[in-house]
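Enquirer: Here you go, one structure.
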Amino acid sequence: MESTVARKPRLGIGMVGYAFMGAVHSQGWRTVGRVFDLPFEPHLAAVCGRNRQAARAAADKLGWASAETDWRDLIRRDDIDLVDICTPGESHAEIAIAALDAGKHVLCEKPLANTVEEAEAMAAAAARSPGRIAMVGFNYRRTPALSLAHGLIAAGRLGTLRHIRLTYLQDWLVDPDFPLTWRLRRESAGSGALGDLGSHIVDLAQHLAGEPLAGVTALTTTFIAERPLLTAVPAGLTGSPRGDRGKVTVDDAALFTGRFPSGALASFEATRFAHGRKNALRIEINGEDGSLTFDLERLNELHFFDGTAPGAEAGFRRILVTEPDHPYLAAWWPPGHGLGYEHTFVHQARDLVQAVADGTQPSPSFADGLQVQRVLTAIEESAAKDCVYTPVSPCGKREGRAS
Ligand code: SOE
């Protein structure tokens, strides 16, 4: 029987890359039109990867209508309106610039690029493409609890912000025999925990604070200098059976502090060496009138301390962010039924499709991605100076730098 629902115009999506991020983006594209009422119906037109067989298999598994083996062919296709880039950072700039110059909208995974120069070129390409949307995939902004937090801070419920504290902890690199994948090589990933996890928390801090960081100071380190060379394609992630090892050329952990123009102080930690922490993105914000805390491992909750409440009633209140009044929630399940990691990508797709229809640039734009890239570079420059001081001596005189 024919469907009685009038067909909406299609928005053809072409995605480059189909590993972890490609799979979760695919889920977003597949789901978004079935949950949100959008002006366009996203059509998963083609997925692209270098290996023909693997790209075809990914298309079948992830729900794409066809497969391409060269991203240039994908960009040339008339049925593709939006190019979604889910490749390692080394190819972001080339693909994004070519796609924008070909008149496509672009969604690019974070961090925007591997270098400030690449990010500048991408932001310039976006700026010379009026009417084209260029968005960077800082998906966590679209966690309902963090959208709520953003709204509360913007409405002044915390008053002037004093402290912004963020940590992003994972543990998938604790094993020294974990192989040397692309995320551990500077030429493919740009940086390590800093770009992978630190970029998320820099973006979130600035988004929540409503202003860019004015300056940073940092320490980074690489705990495991060499790892087994990767011998199999990523699916297996096997290290060299002969024990050949290669150099890790990125940071394993980054600690940094920052100052906002308003005077708020920020602290950050990004590591993939925190045993037991799986995807622990934690935030605490203290303002003159209250505090907020969030933990991605409990992403349906936001904790709010209202410092203006009568003293006897004061205490952190757990807000269960599962109700129709909460951002994005009205479109999902009946009240009380929570969401998860993948829903942030559905929300990202929703806001992007709506922006295409409205002709407005959604945030985070490529200009926002470039600004984060500049912060990441400032962090690396500060860390390279290794500016660590020994404790001040009893007479108050600085004893000099630690070696
Ligand atoms: C891996 O560390 C990773 O997948 C990041 O690259 C993502 O951006 C983050 O959302 C989860 O962890």
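Quick grid of which residues meet (1) open to solvent by less than 50 Å² (accessible area, probe 1.4 Å); (2) on the phi > 0 side of the Ramachandran plot; (3) outside the structural domain of Phe36 (by TED's automatic domain parsing); (4) not in a strand (DSSP E or B):
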{"site": "His303", "(1), (2), (3), (4)": "no, no, yes, no"}
{"site": "Ala312", "(1), (2), (3), (4)": "no, no, yes, yes"}
{"site": "His326", "(1), (2), (3), (4)": "yes, no, yes, yes"}
{"site": "Pro334", "(1), (2), (3), (4)": "no, no, yes, yes"}
{"site": "Arg350", "(1), (2), (3), (4)": "no, no, yes, yes"}
{"site": "Ala357", "(1), (2), (3), (4)": "yes, no, yes, yes"}
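Enquirer: Still on this model: Please enumerate the residues belonging to the stretch 20-31 that are under 18 Å from Cys108 (Cβ atoms) and either away from the ligand (no atom under 16 Å from the Cβ) or of a type in the set (A, V, I, L, M, F, W, C) (or both).
Expert: Once the filter is applied, which keeps residues that are under 18 Å from Cys108 (Cβ atoms) and either away from the ligand (no atom under 16 Å from the Cβ) or of a type in the set (A, V, I, L, M, F, W, C) (or both), the stretch 20-31 yields Phe20, Met21, Ala23, Val24, Trp29.
Enquirer: Looking at the stretch 210-226, can you tell me whether even one residue there is touching a Pro at 6+ places or on another chain (Cβ under 6 Å), acidic (Asp, Glu) and either touching a residue at least 12 places away in the same chain (Cβ under 8 Å) or assigned by TED's automatic domain parsing to the domain that holds Ala54 (or both)?
Expert: Scanning the stretch 210-226 turns up at least one residue that is touching a Pro at 6+ places or on another chain (Cβ under 6 Å), acidic (Asp, Glu) and either touching a residue at least 12 places away in the same chain (Cβ under 8 Å) or assigned by TED's automatic domain parsing to the domain that holds Ala54 (or both).
Enquirer: Now for a different question. List pairs: first residue in the stretch 264-284 and under 27 Å from Pro212 (Cβ atoms), second residue hydroxyl-bearing (Ser, Thr, Tyr) and within 12 Å of the ligand (Cβ to nearest atom) anywhere in the structure, Cβ distance under 6 angstrom, at least six positions apart or on different chains.
Expert: Pairs found: Ala270/Tyr168; Leu281/Tyr168.
Enquirer: OK, next. Of the residues that sit in the stretch 162-181 and are within 11 Å of the ligand (Cβ to nearest atom) and aromatic (Phe, Trp, Tyr), which one is nearest to the chain's Cα centre (by Cα)?
Expert: Tyr168
Enquirer: I'm trying to understand the selection: among the residues of the stretch 250-276, which are over 16 Å from Leu219 (Cα atoms) and touching a helix residue (DSSP H, G or I) at 6+ places or on another chain (Cβ under 8 Å)?
Expert: Phe260, Ser262, Ala264
Enquirer: Taking the criterion of being within 13 Å of the ligand (Cβ to nearest atom), within 19 Å of Tyr341 (Cβ to Cβ) and either open to solvent by less than 20 Å² (accessible area, probe 1.4 Å) or of a type outside the set (Ser, Thr, Tyr) (or both), would at least one residue in the stretch 148-159 satisfy it?
Expert: Looking for residues that are within 13 Å of the ligand (Cβ to nearest atom), within 19 Å of Tyr341 (Cβ to Cβ) and either open to solvent by less than 20 Å² (accessible area, probe 1.4 Å) or of a type outside the set (Ser, Thr, Tyr) (or both), one finds none in the stretch 148-159, hence no.
Enquirer: Then there's this: If Pro130 satisfies all but one of (1) within 14 Å of the ligand (Cβ to nearest atom); (2) open to solvent by 50 Å² or more (accessible area, probe 1.4 Å), what's the number of the condition it fails?
Expert: Condition not satisfied by Pro130: (1).
Enquirer: Further, regarding this structure: For Gly315, all conditions in the list (1) farther than 30 Å from Tyr18 by Cβ; (2) within 16 Å of the ligand (Cβ to nearest atom); (3) out of contact with any His (no Cβ under 8 Å at 6 or more places or on another chain) hold save one; what is the number of the exception?
Expert: Unmet condition: (2).
The values are calculated or read from the model by the stated rules, or taken from the named source; none is laboratory data. None of the values given here were measured: they were computed from a predicted structure. Backbone-built Cβ (ideal geometry, glycine too); neighbour counts: all protein chains shown. All accessible areas refer to the heavy atoms of the entire protein, side chains included, with ligands and DNA or RNA removed. Shrake-Rupley method; radii C 1.70, N 1.55, O 1.52, S 1.80 Å.
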